[in-house]
Amino acid sequence: MPKIFHGNGPWATLDTGIAGPRDASALLDAGFRDGWAILVEDGIIVESDTPDVLRARHPDSETTDLGDSLVTPGLVDPHTHPVFTGTREDEFEMRNQGHDYVAIAKAGGGIRNSARRLRASSEDELVADLRARCDGFLALGTTTIEAKSGYGLSTESELASLRAIRRVDADHPLDLVPTFLGAHEIPDEYREDREGYIALLIDEMLPRVAEENLAEACDVFCEEHVFTVDESRRILGRARALGMKVKLHADEIRPLGGAELAAELGALSADHLVAVSDEGLDRMRESGVVPILLPATSLYLNLASDAPGKKMLDRGLAPALATDFNPGSSPTRSLPLVMTFACLKYGMTAAQALGAATWNAACAIGREGKVGTLADGALADLVVWDLPNLRSLPYRFGESFVSRVLKRGEWCFERAGA
Ligand SMILES: [Zn+2]
């Protein structure tokens, strides 16, 4: 039976009719309706209108009243690293005592530390850990995540990580969009033979990932102590030839030219961009690459500077927001927290931050119009917030105001007592 979900509160539908990633002025319009209703069939929004009109048109539908609360699309997190084994609270404390991230990585910590631990886990253990972590995304209002591999750094462990993502996606309400990130670090056994590891990525891992259809996109950590621009171009070029979309961890610490490479390759997104050049920003805008801002990471790493989010908005780019959820540099799943940081650091309005964490985030993972909007044809993914208006969402922080979460037309989270 079709279902109607209706409410009298403010609905930020993001249904504004503007196609493609949205710039600063387009993001100001969150598609507000003062009271709204959606008709859902098979998990998809098939019609929307005012509550009275929709109920009169479909009198046989099952109806659910969402009251006077704020309603938004389910949030979309376009950059996460959720497949890992163990946590790194010891490194957090080391960094706070004055050791820097690059020095810890060079000494065998960081990503290589996580890789050693992940390789000791079976695929079933990876699945169990990942499944447990997914509940936390839903509880914080996120209904779709991009999920990267990248802590295996060997053919078997990378494939196991991607298979774990596929298995959890199949039976958990959260949607996981898989990205292959074998080029996350040079593993211990290839420290003296980086060309050997790049050959392994290009000649063995990528073809296997493509053959099993395990990833929609390929990502590379393009950074001074990891992969150069030329190496990134070779790896991503191979991925594109195999039919994958491409993404980059670009210019996080130094301005290497990762943003320019993202533009050259027509990447879906370039992420981090703390040290991006003005030239890189302009090239990205011309090529329609979505910059993904990860303000929780720069805060958590205590970086002296942050990505130029305000400048991106002023220069006509269309940024998305993500948590960067990972065990080292950003152990949070909270997009509402990231939205608060984005308002504080980049001067975003609440509507712009919401649009960056829904519509633009969906564009950054190849899901435009399918998630991150309450438009007809989108998945029936929404969040009911214990908040009276959208401005309250980034204004309140450090606690959750998620009341209920609907995924594909089914309730998948309800806060106790809500
Ligand atoms: Zn990342």
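The values are calculated or read from the model by the stated rules, or taken from the named source; none is laboratory data. Just so you know, these numbers come straight off a predicted model, no measurement behind them. Positions of Cβ are generated from backbone atoms using ideal geometry, with glycine treated the same way; all protein chains shown enter the neighbour counts.
Can you say whether Pro255 is more than 25 Å from Asn96 (Cβ to Cβ), within 16 Å of the ligand (Cβ to nearest atom) and not small (Gly, Ala, Ser), as far as the supplied structure shows?
When the stated conditions are applied, Pro255 does not pass them.
Within region 274-299, track down each residue that is more than 14 Å from Gly258 (Cα to Cα), within 15 Å of the ligand (Cβ to nearest atom) and part of a loop (DSSP other than H, G, I, E, B).
Leu294
Only residues that are within 15 Å of the ligand (Cβ to nearest atom) and either under 20 Å from Tyr151 (Cα atoms) or charged (D, E, K, R) (or both): list them for region 301-331, please.
Once the filter is applied, which keeps residues that are within 15 Å of the ligand (Cβ to nearest atom) and either under 20 Å from Tyr151 (Cα atoms) or charged (D, E, K, R) (or both), region 301-331 yields Leu301, Ala322, Thr323, Asp324, Phe325, Asn326, Pro327, Gly328, Ser329, Ser330, Pro331.
If only one of Val338, Val384 is within 16 Å of the ligand (Cβ to nearest atom), touching a strand residue (DSSP E or B) at 6+ places or on another chain (Cβ under 9 Å) and not in a loop (DSSP other than H, G, I, E, B), which one is it?
Val338
Only one residue in Thr50, Thr87, Thr72 is among the β-branched types (Val, Ile, Thr), in contact with a strand residue (DSSP E or B) (Cβ under 6 Å, 6 or more places away or on another chain) and under 30 Å from Ser400 (Cα atoms), so which one is that?
Result: Thr72 is the single residue among Thr50, Thr87, Thr72 that is among the β-branched types (Val, Ile, Thr), in contact with a strand residue (DSSP E or B) (Cβ under 6 Å, 6 or more places away or on another chain) and under 30 Å from Ser400 (Cα atoms).
Given (1) touching a Lys or Arg at 6+ places or on another chain (Cβ under 6 Å); (2) under 22 Å from Ala139 (Cα atoms), identify the lone condition not met by Thr64.
Of (1) touching a Lys or Arg at 6+ places or on another chain (Cβ under 6 Å); (2) under 22 Å from Ala139 (Cα atoms), only one is false for Thr64: (1).
Quick one: what pairs do we get from region 300-316, first residue more than 17 Å from Ala357 (Cα to Cα), second part of a loop (DSSP other than H, G, I, E, B) and small (Gly, Ala, Ser), C-beta under 7 Å, 6+ apart or different chains?
Between residues of region 300-316 that are more than 17 Å from Ala357 (Cα to Cα) and residues that are part of a loop (DSSP other than H, G, I, E, B) and small (Gly, Ala, Ser), the close pairs are Tyr300/Ser329; Leu301/Ser329.
Being of a type outside the set (D, E, K, R) and not in a helix (DSSP H, G or I) is the filter here; which residues of region 186-211 pass it?
Within region 186-211, Ile186, Pro187 meet the criteria.
Please go through region 168-209 and pick out each residue that is free of Cβ contacts under 8 Å to residues at least 60 places away in the same chain and among the charged types (D, E, K, R).
Listed by number, the residues that qualify are Asp169, Asp171, Glu189, Arg191, Glu192, Asp193, Arg194, Glu195, Asp203, Glu204, Arg208.
Just to confirm my filter: which helices (runs of 4 or more DSSP H) fall fully inside region 1-101 and include at least 1 residues that are basic (Lys, Arg) and surrounded by fewer than 21 Cβ atoms within 10 Å (Cβ to Cβ)?
Fully inside region 1-101 and qualifying: 51-57, 89-96.
Any residue in region 103-111 that is under 26 Å from Leu301 (Cα atoms) and either surrounded by 20 or more Cβ atoms within 10 Å (Cβ to Cβ) or modelled with pLDDT of 95 or more (or both)?
Among the residues of region 103-111, at least one is under 26 Å from Leu301 (Cα atoms) and either surrounded by 20 or more Cβ atoms within 10 Å (Cβ to Cβ) or modelled with pLDDT of 95 or more (or both), which makes the answer yes.
Answer yes or no: is there a residue in region 306-314 that is within 27 Å of Phe180 (Cβ to Cβ), in contact with a helix residue (DSSP H, G or I) (Cβ under 8 Å, 6 or more places away or on another chain), assigned to a strand (DSSP E or B) and not assigned by TED's automatic domain parsing to the domain that holds Phe401.
Looking through region 306-314, none of the residues is within 27 Å of Phe180 (Cβ to Cβ), in contact with a helix residue (DSSP H, G or I) (Cβ under 8 Å, 6 or more places away or on another chain), assigned to a strand (DSSP E or B) and not assigned by TED's automatic domain parsing to the domain that holds Phe401.
Taking only pairs six or more apart or across chains, which ones have beta-carbon atoms under 7 Å, a first residue in region 318-330 that is in contact (Cβ under 8 Å) with a residue 40 or more places away in the chain, and a second residue that is assigned to a loop (DSSP other than H, G, I, E, B) and among the aliphatic types (A, V, I, L, M)?
That search, which allows pairs on different chains as well, returns Ala320/Ala364; Leu321/Ala357; Ala322/Leu294; Asp324/Leu294; Ser329/Leu301.
For the structure I just gave you, tell me whether Ile44 is under 25 Å from the mean Cα position of the chain (by Cα) and either within 30 Å of Lys370 (Cα to Cα) or β-branched (Val, Ile, Thr) (or both).
Answer is yes for this residue.
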